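See below for the structure under consideration.
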């Protein structure tokens, strides 16, 4: 069931409508009364389809009270706003009449039919396939299951606005090595063998659900850079501290400093050369003292990974 | 080329639309539960009954500490006393509900004769009124205490809401609840799913949004924000207000259908109410 998209314009209009119907000097009591009556009619119409907004009734009450204080033009302004809310609420409810389980749930939740296996191609000379652990399951990374395979839909797009989708430089920071697919495979192998290595998918969960590199761990970039989520001071620091000790293997010493001597080597990636999230995280980590030689950047990211048909997992 | 792609996309979305339109409640439930299992692969399914604490390790530590001396204990003893205290006519709740007090697992259910979804609070008030007692308010207070006691006694019962096939109106009520859940509403133009499916696990200011799966299992709850107990429909009303939509009446048709849909989608989970939440 396709939900008819209810435009973003709605919110914008709802927050801005305050255009008085009558100018300030000429408003009269009867004009105000009819503006209030029109607002109430619009509110009732919205309510009749379950679409009344929270504050519409209060606004109408407020406008009605203003009749006594003879603040007519102000009252008309409020009544008109309430009327617009009523109309938008009605339109919204009508547009949602057929709302059902959204596509993003269906896409992830529908069991996938099994696809016939085809002979996989070598990843590169000398590497046919490697086995990694992903969320407790063994996954084989290989190339080429389908002769007619093309890029997944989300990676077809070439027009992306900067900011935020700016083309990234070749280095994410001084001393931070930029790596490619073969190196990533090696790090994945080492991580699976239990070495202090973590391959980090820095993208937000909605992207990861569409497919990620097997063996990687999702740590959304806004958890490393919590101020990007609107978290300030302590609440954000707690998340970063938790990541440091629980996931990255750093140790907080008694004087509050962080000891990175057993910290894991992190290999960060996001969607590719048009994505600045993993490099922003690297900058933050360098800033708090994470050793540069323990940070690696897979600049090509998912875009490069899928472009050569390497295995992804959902 | 571009045109071709667009028409392929249109065809694909038609197919997607068609499959959902034909989906049975059972299939809806599978897709829904699979979605949360895929989103949170490390969460054991029953753990979704613990709400946001299934996915928030820091919050969970605090919560587990709170559960050592649960804030809903007063409500439990009040509820137990209500259950055991006879009405003015000498009868008790037990006379209305012979299989009580551990009987929360049978709600909500479809009542064919009356053509409506029946919930526990609704039947409690019907019991009171048939014994010449005043009905209780649905959102908090004595009603919340009484169902807290019933929920506690019913812990461990497995949710098994049925949509009887011999009455198309039951499926209709489920569909209405589903439409309610997924319809965007209010000035902020959010649906329930916007927060609890699409953005589950993301943060809203400093709070992590809980996954929808498991939402009905642990009510009523003691919410620190309220400083008291509240029922499921009180929470519905709060959610609606937060997106700036006018809330509906507790135990009105809209919220009862919503409860029917949501509880059905949780089929298979164990009841673990009452709960303590932030």
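Structure data summary
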| item | result |
| --- | --- |
| For chain B, share of DSSP beta bridges that run antiparallel, in % to the nearest 5 | 75 percent |
| Rounded FRET efficiency, nearest 0.05, which uses the C-beta distance separating residue A:44 from residue A:133 and R0 of 60 Å | 0.50 |
| For A:304, B:132, order by how many other beta-carbon atoms lie within 10 Å, fewest first | B:132, A:304 |
| Förster-model FRET efficiency, 56 Å R0, residue B:68 and residue A:146, C-beta, rounded to 0.05 | 0.55 |
| 0 to 90° range, to nearest 10: angle between helix B:25-39 axis and chain B longest Cα axis | 80 degrees |
| Counting DSSP beta bridges with both ends in the range A:113-307, the antiparallel % (nearest 5) | 40 percent |
| Distance between the range B:22-79 and the range A:64-114 - C-alpha centres, whole angstrom | 30 Å |
| Order of A:54, B:184 - criterion: other Cβ atoms within 10 Å of each residue's Cβ, fewest first | A:54, B:184 |
| 0 to 90° range, to nearest 10: angle between helix B:168-182 axis and chain B longest Cα axis | 70 degrees |
| Two-site FRET efficiency, residue B:239 against residue A:242, from Cβ-Cβ distance with R₀ of 25 Å, rounded to 0.05 | 0.35 |
| Burial ordering of A:275, B:192, B:239, A:270, fewest other beta-carbon atoms within 10 Å first | B:239, B:192, A:275, A:270 |
| Relative contact order for the range A:51-91, counting Cα pairs under 8 Å that sit 6 or more residues apart, in percent | 54 percent |
| Cα-based radius of gyration of the range A:113-307 once divided by 2.2 N^0.38 Å, which approximates compact folds | 1.07 |
| Chain lengthening between residue A:29 and residue A:255 when straightened (0.36 nm per residue, less Cα-Cα) | 74.3 nm |
| Percent antiparallel among DSSP beta bridges (both partners in the protein assembly as shown, rounded to 5) | 60 percent |
| Computed [θ] at 222 nm, deg cm²/dmol, the protein assembly as shown (DSSP H ≥ 4; -39,500 (n - 2.57); rounded to nearest 500) | -13000 deg cm²/dmol |
| Label-point gap, in nm, between residue A:287 and residue A:206 - each point 7 angstrom along Cα→Cβ | 2.5 nm |
| In degrees, nearest ten, helix B:57-68 long axis to first principal axis of chain B (Cα) | 10 degrees |
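Where a number appears in this text, it was derived from the coordinates with a stated rule and is not lab data. Note that the coordinates shown come from a computational prediction; the quantities given were computed from them, not determined experimentally. Every residue, glycine as well, gets a Cβ built from its backbone with ideal geometry; the counts of neighbours run over all protein chains shown.
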